Structure formats: C-alpha cells, structure tokens
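Novice: Below is one structure. I have some questions about it.
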Amino acid sequence: MNPTSPLRHAFGGRPVRIPALTVLAAVIVAGTAACGGSGTTSPGTARGTRTVSPEPALTRSASATPRTQQEFAASAAAAERDRQKAVRQLEGVQGQGNAVKDVSVTGLPVEKSEKFRSALVRVSNRTDKAAFYAVKVEFADSSGKVLDFVVLGFADVQPGRTVSQHANSSKAAGVKTFPRIAQAERG
C-alpha cells in the first residue's frame, strides 16, 4: 500500500506536483527579500544585530587607513624601550616598590593549546602628576613556584587615569598559573 503524502491530503486526495525549481526559486526570493536593505556592508550580518560601540570613524583614535608596517614597528619599538626602562628602574628597588597598591593583575583563562599565558595588568595613577610605572609580574604555579616573570613599562600615565597592558609568558603556556605583582615602582 502506498502512503498518501501530506500535500495530497491537503488537496482532497488529488496528486500535487510542484517542480523542484519552483520551490527553490521561492526560497531564494524569500531569502533575498529577508536579507536585502539591511544597510550593512559585511556579509552575514543579521538584520537585528546592533552595534554596541561607536562606528570606527567616530572614535578619536581611529584612522582612515590601517596602521602601516612602519607605524607598527615604531609602536613595538616604543613598547620595548618602555620595558627596558622598567627593567632598569626595578634594579634598585628594595622589596615590592612604592606603587604596589596602584597596580592590579587578573589572569586570563587557560587553554591547553595556548602558546602563551596572559594576564591583564592595570595601573592607576593616584598622584597629581604624570608618572612612569615599572611593573614585574610573576607567573606562579599552584605550589607557589615561579615559572616565569614579565616586566612591563607604563609610560606617561596621567593623574587620575587607569591604563592596562597584557603580560604574556611563553614559559607558563598551557599551565594553570597564578599571576601576581612582584614589584611595582612609580618613577
């Protein structure tokens, strides 16, 4: 016995034949109508998607063109100079330094496949003038053994401002570590 299709039931038992191309065309037209006119330039953006942050052209720091290789190199060189200055500044520091209360660190989630361990370091300048901060972050395991440390330099932190950088350790990659501030000195 042949089962009767649901479409045949809907049309009083008469056979209904809808060419596959007609159905496909209807789906394409409906899909195009649903996606058209969204005003977005990126493919796949849903009509109900809302942007939380301002458009890049409206932010002060956004440029009309992406950073050039020279600008990136200059930025990397400046970060390295700040790091080296911080290393020199921490050489003569006894104990934890004069700015430990101005610095905080938060470990970021660990993935077994990660190539480095990362922590977010925040510095708040509570003084009344701009300052340079040198910060040493240690990555310790659950027993307290220090696996690695990273030194960061925060240049020209303005009064009343909080700035942040990531401390990244390749030696502590894939290991559950606890980042902590070992030293922090305001210069």
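Novice: List the lysines whose alpha-carbon lies under 18 Å from that of Lys171, not counting same-chain residues fewer than 8 positions away?
Specialist: Counting by Cα, and skipping residues close in sequence, Lys171 has these lysines nearby: Lys112, Lys115, Lys136, Lys145.
Novice: Here's a follow-up. Tell me which residues come under 5 Å, amide H to amide H, from Thr127 once H is placed; ignore anything under 5 positions away on its chain.
Specialist: Under 5 Å from the amide H of Thr127: Gly160.
Novice: Oh, and also: Quick one: length gained pulling Val163 to Glu111 fully straight, 0.36 nm per residue minus the C-alpha distance?
Specialist: Details: separation 52, 0.36 × 52 = 18.72 nm, distance 2.59 nm.
Net length gain for the segment: 16.1 nm.
Novice: Enter the accessible area of Val87 (Å², nearest 10), with the probe set to 1.4 Å and all protein chains included.
Specialist: That residue has around 50 Å² of solvent-accessible surface.
Novice: Next question, about the same structure. Ranked highest first by the average count of other Cβ atoms within 10 Å around their residues, in what order do 65-77, 135-147 fall? Mind showing how you got there, number by number?
Specialist: Working: 65-77: 9.7, 135-147: 16.5.
Order by mean packing, descending: 135-147, 65-77.
The values are calculated or read from the model by the stated rules, or taken from the named source; none is laboratory data. Keep in mind the model is a prediction, meaning the values are calculated, not measured. Note that each Cβ is placed from the backbone with ideal geometry, even for glycine, and that neighbours are counted across all protein chains shown. What goes into the accessible areas is simple: the full protein's heavy atoms, side chains included, and nothing from ligands, DNA or RNA. Shrake-Rupley method; radii C 1.70, N 1.55, O 1.52, S 1.80 Å.
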